[in-house]
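Asker: This is the structure I have questions about; it appears just below.
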Amino acid sequence: MSGSTIATPLVEKRKPQRSTSRKMKSPYPSWFYVPAIALYLVFFALPTFASFYFALTRWSLFNVTFIGFDNFIQFFQEPQLYQSFINTLIYGFVTSAAKIVLGLALAMLLTSPIIGRGYLRAVVFFPVLVSTIGIGLTFKSLMNPFHGLINLVLSWFGLPGPGWLTDPNLALLSVASVDIWKGVGIATLIFMAGIVAIPQEYFEAARVDGAGSWKIFRSITLPLSRPATGTVIILSLIGGLRSFDLIWAMTRGGPGFTSDVVASVIYKQYQAGFYGLSTAGNVVLFLVVTLIMVPITRMLNRREVDL
Amino acid sequence: MRTRKWVVGSVAIVVSAIVFLIPFAFIILQAAKTPAEASDLAFTLPTKWVIWQNFVEVLQTNNSQILRAFVNSTILTVVSVIIMVVFSAMVGYILQRRRGRMNPVINFFVLAGLIVPPAVVPTIWVLQGLGLFKTMPGMILVEATFGLSFSILLFRAFVATIPKELDEAALIDGAGPLRLFFTVVLPLLRPVVVTVIVVQAVAVFNDFTGPLYFLPGDENSTVQLTLYNFQSLTLSQFNLLFMDILLITIPPLVLYIFFNKQIVGGLTSGAIKG
């Protein structure tokens, strides 16, 4: 690419010869795509496209009847189904916001000179790798209102422990807090990689100029770890909006349907044999995720170009 | 500065121990208790340590369903990760090397694969049509498909660091595209292959939703499903439930101890370039 003026005539002279030999035997053949495309088409693209049709049907084990938008009307009219839609948004945004704030704080702590950094990194990150169901069942016991450790500790300080998973107002947020506990490690890791990549000279120069820690954070760390912030926002929102296993392990959407999310409604309707309604839930989830993710991804990419 | 280093570090170590280690300590304590004591769900030392008996008993429960589940999970993880690695390395390699009209289209579908939630019931419908529903091969192919996008992104980024001159040298030596890829390029991709294997193996091993929908039935159950069955079947046997949790936490722990660097590298690859 660099010495183009000299190279051009040479390339042009050889051009006919090259293109014929390429056509015969490209070293990078497109058929390398074929196995992956085949899997993707059959097990991902086809079901996704089919879902737009099946969402418009009453579908059971035996037959499929086209019913137009009835499933969607039902989804947004029945309070328990509509609630799951709202809960999905709450869950997605609460977990993402907390992971960004806590992840950034932990990353700054773990990149600063303190003792025991290796241990701390390992401990904060390990829950990411553990089975979600295992974590969910463990915290379900720890959050038990009568014998659980959390309420025991609160009682030492004379605080009344709530029924974390049995109080309708709290259940969703309790599950979200466990999600944050389990997932903050990956946010921390990504922020750490972002912070470490900032040249040390910037910090030194700022310190020489007499900037305090808050000033350094505001004008160096925060703006320069924007790619990391973008990655964390995207990853945690995708995960949070689609979340199912943790909620299912801890509350199964209860008490009542107060901690149901769209993904758990999809499973419940599937179990009940309402395949059409279940698939409509899938399409709703698809629209929610896409409508939130596409503008956010665009915005993050554009900002990066401006820098 | 010195003292600050010690004070902040010590506080962080104490807080992290309370927040992150106590839940794991709770799992171990529960797994060592008698059924009566474990059902209290209290955070106490067992009066009688029966961790070995619980271990033996959990393996025998339900006609040693857990052993079968470990075999199933191992097969599922190993085969689907092999498929993922080979197929997505091929795509990542060509996608990086060839600048064609197809690239934007393929990049779009890779991103879509990351963002779009899989349509579950229609996937079951497809699997049924192929006669693969409730079968291990079907589950393997579905897991492999769901992991493609992330693996392709990792491979594409890494192929960019391998000089193209190596390809040309191999071509001059008379290698065809297949030999070029499998004997020259793939060995050079080793670091990222290890990353993809470890990250995806943990993901498949821990996946609950996939087997719940696509692989129901006792004889096929994976380790995550046994956990879930334990909870519904044997409400009074919390000791065995937690022993089961302990057992399925060990494989990721071992992977983490040995492949710490690869896991961290793979999961943070997007942090710097975005």
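The values are calculated or read from the model by the stated rules, or taken from the named source; none is laboratory data. Quantities reported herein were computed from a predicted structural model and do not represent experimental measurements. Every residue, glycine as well, gets a Cβ built from its backbone with ideal geometry; the counts of neighbours run over all protein chains shown. All accessible areas refer to the heavy atoms of the entire protein, side chains included, with ligands and DNA or RNA removed. Shrake-Rupley method; radii C 1.70, N 1.55, O 1.52, S 1.80 Å.
Asker: Scan around B:Ala119 for amide H atoms under 5 Å from its own, H built in the peptide plane at 1.01 Å from N, and keep only partners 5 or more places away or cross-chain.
Answerer: HN-HN under 5 Å from B:Ala119: A:Thr48.
Asker: Mind ranking B:201-212, B:181-192, A:46-57 by how tightly packed they are, going by the mean number of other C-beta atoms within 10 angstrom, highest first?
Answerer: For the peptides B:201-212, B:181-192, A:46-57, the packing ranking is B:201-212, A:46-57, B:181-192.
Asker: In whole Hz, what ³J(HN,Hα) sequence does the range A:275-284 give by Karplus (6.51, -1.76, 1.60; θ = phi - 60°), x for Gly and Pro?
Answerer: For the range A:275-284, the Karplus curve yields 5, x, 5, 4, 5, 4, x, 4, 5, 4 Hz.
Asker: Mind checking which of A:Ile115, A:Trp181, A:Ile220 is farthest towards the positive end of chain A's charge dipole, using Cβ charges of +1 (Lys, Arg) and -1 (Asp, Glu) about the Cα centre?
Answerer: A:Ile220
Asker: Can you run phi through the Karplus equation (6.51, -1.76, 1.60; θ = phi - 60°) for the range A:85-101 and list ³J(HN,Hα) in whole Hz, with x for Gly and Pro?
Answerer: 5, 4, 4, 4, 5, 4, 4, x, 6, 4, 5, 5, 4, 5, 5, 5, 5
Asker: Inside 10 Å of the C-beta atoms of B:125-133, what's the mean count of C-beta atoms belonging to other chains?
Answerer: 3
Asker: Still on this structure, please answer the following. With a Cα-only, solvent-free Debye model of the range A:75-306, what are the log10 I(q)/I(0) values at q = 0.14, 0.16 Å⁻¹?
Answerer: Debye output, listed in q order: -0.98, -1.15.
Asker: What relative contact order, as a whole-number percentage, does the range A:75-306 give when Cα pairs under 8 Å and 6 or more residues apart are counted?
Answerer: Relative contact order of the range A:75-306: 31 percent.
Asker: Report, to two decimal places, the Cα Rg of the protein assembly as shown normalised by 2.2 N^0.38 Å (N = number of residues).
Answerer: 1.05
Asker: Now for a separate question. Over the Cα atoms of the range A:214-257, what is the Rg over Rh ratio if Rh follows Kirkwood?
Answerer: Rg divided by Rh gives 1.31.
Asker: Could you give the length gained on full extension between B:Glu168 and B:Leu188, defined as 0.36 nm per residue of separation minus the Cα-Cα distance, in nm?
Answerer: 5.7 nm
Asker: Which whole number gives the average, over all residues in A:46-58, of C-beta atoms from other chains lying within 10 Å of the residue C-beta?
Answerer: For this peptide, the per-residue mean of nearby foreign Cβ atoms is 4.
Asker: How many Å² of accessible area per residue for the range A:75-306, probe 1.4 Å?
Answerer: In whole numbers, the range A:75-306 has 42 Å² accessible per residue.
Asker: Moving on. Can you tell me which of A:290-300, A:258-268 comes out highest on packing, and rank the rest after it, using the mean Cβ neighbours within 10 Å?
Answerer: Order by mean packing, descending: A:258-268, A:290-300.
Asker: What average number of partner chain Cβ atoms lie no more than 10 Å from the Cβ of the residues making up B:88-96?
Answerer: 4
Asker: For chains B and A, what's the summed buried accessible area, probe 1.4 Å, to the nearest 100 square angstrom?
Answerer: Summing both chains' loss of accessible area gives about 8100 Å².
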